[in-house]
Number of protein chains: 2
Amino acid sequence: MEKLKVGVIGLGQRGSMLLKDTFLTNSNVVVTAVCDLYEDRVEEAAKNIVEAGFEMPFKTLRYEELVDKNKVDCIIVSASWDVHIEMVIKCLEAGIPCGCEVGGVESIEECFELVKTYERTKTPFMFMENCCYGRREMMVLNMVKQGIFGEIVHCKGGYHHDLRHEVTYGKELRHYRLNEYLTRNCENYPTHEIGPIAQVLDINRGNRFVSLSSIASKSVGMHEYVMAKKADDKELVNAEFAQGDVVTTMIKCERGETIVITLDTSLPRFYSRGFTVQGTKGMYEEATDSVYLESDMGDSEHWVWKPNWGNAEKYIDKYEHNVWRKYIEDGVQAGHDGMDYLVYNTFFEHVKSGEPMPIDVYDAAAWMCITPLSEKSIKAGGAPVEVPDFKNLK
Amino acid sequence: MEKLKVGVIGLGQRGSMLLKDTFLTNSNVVVTAVCDLYEDRVEEAAKNIVEAGFEMPFKTLRYEELVDKNKVDCIIVSASWDVHIEMVIKCLEAGIPCGCEVGGVESIEECFELVKTYERTKTPFMFMENCCYGRREMMVLNMVKQGIFGEIVHCKGGYHHDLRHEVTYGKELRHYRLNEYLTRNCENYPTHEIGPIAQVLDINRGNRFVSLSSIASKSVGMHEYVMAKKADDKELVNAEFAQGDVVTTMIKCERGETIVITLDTSLPRFYSRGFTVQGTKGMYEEATDSVYLESDMGDSEHWVWKPNWGNAEKYIDKYEHNVWRKYIEDGVQAGHDGMDYLVYNTFFEHVKSGEPMPIDVYDAAAWMCITPLSEKSIKAGGAPVEVPDFKNLK
């Protein structure tokens, strides 16, 4: 079968890693076009492609030139958050299937435009949330769908990731996060945690987010880090970071479940996505990587705690998701413990087959809209804000 | 030194346990009066007192008869939540020092009355939140006060305790929780977690809660439990539980910190108070009983996770709180791993010395008011509600 010709827009940290670890190693695709605002990134990408034994790709600094059916069969958007939707819309209008990397959006209007453009063009679109393909997330999803945890009542998640270096070295790294943290105060990166939770709760498949409210803590982590590590950078020393260190968002769902998600990226801490699922028959908690099933426990064992730590691994033989069973049988492939391979291979296979994308434009809109809605709620002192019903826009 | 004469109002689960494990074993006190609505409980308590070698106490079913300086030097209120404040006010007005067990209040007005009665009478009052005396909570508090975690930004806690048996067997156990769960939907038990957090954040000592908002999940856990365990109890089978299974409350503090607390008592799970403290130099997390200090970590170690599990114990030699150092030197005494001994012995010592109580009427009001305010917020769809400034009531 012929290889899919892939165009990549955005070759920063994420795009360049995807290219090397995920695209150049996937035998179903060939990268035929690359684009970035910076010429050195484009040249570096082209060099990597050629060194991997492929033909020199089309190179451009203007993404519009890459959106061309003669050059590519599909496009990956891995640019900065603020231009994602504009680029995706251009792809969809050109009839070129598009996979878009994660991140929050600038405004709720972008979500409406994305949905409307898709409904008008019907061009295939997938939102590339790799954490939906995490091994533990998929095992828990599989257990949920089998009813192992009973009726699901409450979920929790977070982006707990110390990004102080990445953000404060934003100028040197040419990373857009610096500007986001200087100018906005919101849940700026909700999708790693809300993606797997949305799948657990059937969001856009019989359920939906109806409202959310957010509060932000004071912003002190970045400034303290700057004073310790970059005290000679007068601009940063004097900068006021708008972004609160910890942003908490509570979400209510139509079927009555509640969700709490946390952005927690400017304090020293270990990495976690805090994935937690609670139902009427048991729960999973990522913090302790533990499964608690009523059916496995005696009456007095609800006092147990440490003994459960790490016991989720015991359930993997029985509840491994089929996607992961097949992946392991095929031989583990690289990139974020397999998540990147799985999410991109799924996209490429669906582009080829024309089947409906598993993470679609409605999911993208529902998950990404949390960013501007949280911003609005924080500005309004934590007031609840309605979440649009993207599947039924007027 | 003469023994303190103690009166106990309320001899249910909590009161009878305190009597046996904490009061009859404390050489500084003698229980001279006991009261409950149920005669068998009063008789049982009196029997226990006499069997422990003490004189027969004064016995009554009417608590007003116990509020008498001739009978007692101080009073412990461990009755049902809904009558706590009424009883405390009666004690304070009689000039009898009073220790009040924890629980939410029925209305914000009760908090105002409590504070105003104290300000008028100046009778010593202590709120008996034993979790403020937990060993780990006190170690973390000690670390916070020494600046080990830097500037504190965010705290988390919860009452994660499977109470399905206690609630649904409320009639047999004569437990007031059943009625609370049938009729109210709120954060009904905030103080176990908010107490230690309030101490970490200097609440009422230069900081205060300014507003909160709450959401409740659907209520399905209790009903499913009833159907499994009490399907022959027609009344319970047909009952609608008002209380949502999981109630989340976000709190904003005057100095800019945020707090999230969770009530989680009607789904199968392990016990936890979820105590988490995050600052600019590190954090403590109860779920994994781990301490993460930037100063102990290399640059790339923020990806660590499991290796930290349980490492908090390593910090105990250096950061054990003096209260606990002394307690262990004196020989560990019974009741909730020492917490009950410590909170009650502190109260008795302060009654004797006349020194200001460490957990006072303002703390009680600020912590307990979360119950009616969360109820109000839930009814208003999660709208933020102002928390009164109890130290400056007009």
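The values are calculated or read from the model by the stated rules, or taken from the named source; none is laboratory data. These numbers come from a predicted model, not from an experiment. Glycine also receives a Cβ, built like all others from the backbone with ideal geometry; neighbour counts cover every protein chain displayed. In case anyone asks, the SASA skips ligands and DNA or RNA and just uses the protein heavy atoms, side chains included. Shrake-Rupley method; radii C 1.70, N 1.55, O 1.52, S 1.80 Å.
No other residue among A:Ile85, A:Ile96 is part of a helix (DSSP H, G or I) and crowded, with 21+ Cβ neighbours inside 10 Å apart from A:Ile85. Restricting region B:234-253 to residues that are free of Cβ contacts under 8 Å to residues at least 60 places away in the same chain and more than 23 Å from the chain's Cα centre (by Cα), which is nearest to A:Gly382 (Cα to Cα)? Top of the filtered list is B:Glu240.
Kindly indicate whether any position in region B:57-79 is among the small types (Gly, Ala, Ser), buried (at least 16 other Cβ atoms within 10 Å of the Cβ) and under 25 Å from B:His350 (Cα atoms). Yes, there is a match, as at least one residue in region B:57-79 is among the small types (Gly, Ala, Ser), buried (at least 16 other Cβ atoms within 10 Å of the Cβ) and under 25 Å from B:His350 (Cα atoms).
If I filter region A:362-369 for residues that are within 28 Å of B:Ser214 (Cα to Cα), part of a loop (DSSP other than H, G, I, E, B) and open to solvent by 50 Å² or more (accessible area, probe 1.4 Å), do I get at least one hit? The answer is no, given that none of the residues of region A:362-369 is within 28 Å of B:Ser214 (Cα to Cα), part of a loop (DSSP other than H, G, I, E, B) and open to solvent by 50 Å² or more (accessible area, probe 1.4 Å). Inclusion of B:Thr117 among residues that are part of a loop (DSSP other than H, G, I, E, B), among the β-branched types (Val, Ile, Thr) and open to solvent by less than 30 Å² (accessible area, probe 1.4 Å) is not warranted. Checking each residue in region B:240-271 for being among the aliphatic types (A, V, I, L, M) and farther than 14 Å from B:Glu193 by Cα picks out B:Ala242, B:Val246, B:Leu267. Within region A:51-75, residues that are within 14 Å of A:Phe23 (Cα to Cα) have Cβ atoms under 9 Å from residues that are among the polar types (S, T, N, Q) and outside any strand (DSSP E or B) in these pairs: A:Ala52/A:Thr25, counting only partners at least 6 apart in sequence or on another chain. Taking (1) in the same structural domain as B:Leu163 (by TED's automatic domain parsing); (2) farther than 21 Å from A:Tyr159 by Cβ; (3) within 23 Å of the chain's Cα centre (by Cα); (4) modelled with pLDDT under 95 in turn, B:Gln333 satisfies each apart from (1). Could you check, for region A:127-145, whether at least one of its residues is out of contact with any Asp or Glu (no Cβ under 9 Å at 6 or more places or on another chain), open to solvent by 10 Å² or more (accessible area, probe 1.4 Å), modelled with pLDDT of 95 or more and aliphatic (A, V, I, L, M)? Within region A:127-145, one or more residues are out of contact with any Asp or Glu (no Cβ under 9 Å at 6 or more places or on another chain), open to solvent by 10 Å² or more (accessible area, probe 1.4 Å), modelled with pLDDT of 95 or more and aliphatic (A, V, I, L, M).
Within region A:370-386, can you find the residues that are part of a loop (DSSP other than H, G, I, E, B) and buried (at least 22 other Cβ atoms within 10 Å of the Cβ)? Show your work before the answer.
Going residue by residue through region A:370-386, those that are part of a loop (DSSP other than H, G, I, E, B) are A:380-384.
Those that are part of a loop (DSSP other than H, G, I, E, B) and buried (at least 22 other Cβ atoms within 10 Å of the Cβ): A:Gly382, A:Pro384.
Every test in (1) in contact with a helix residue (DSSP H, G or I) (Cβ under 7 Å, 6 or more places away or on another chain); (2) free of Cβ contacts under 8 Å to residues at least 24 places away in the same chain; (3) surrounded by 18 or more Cβ atoms within 10 Å (Cβ to Cβ) is passed by B:Ala46 save one, and that test is (1). Per the conditions (1) within 30 Å of A:Ser213 (Cβ to Cβ); (2) buried (at least 19 other Cβ atoms within 10 Å of the Cβ), the sole criterion not satisfied by A:Pro358 is (2).
Here A:Gly150 clears all of (1) within 14 Å of another protein chain (Cβ to nearest Cβ); (2) open to solvent by 30 Å² or more (accessible area, probe 1.4 Å); (3) under 20 Å from A:Lys318 (Cβ atoms) except the condition numbered (2).
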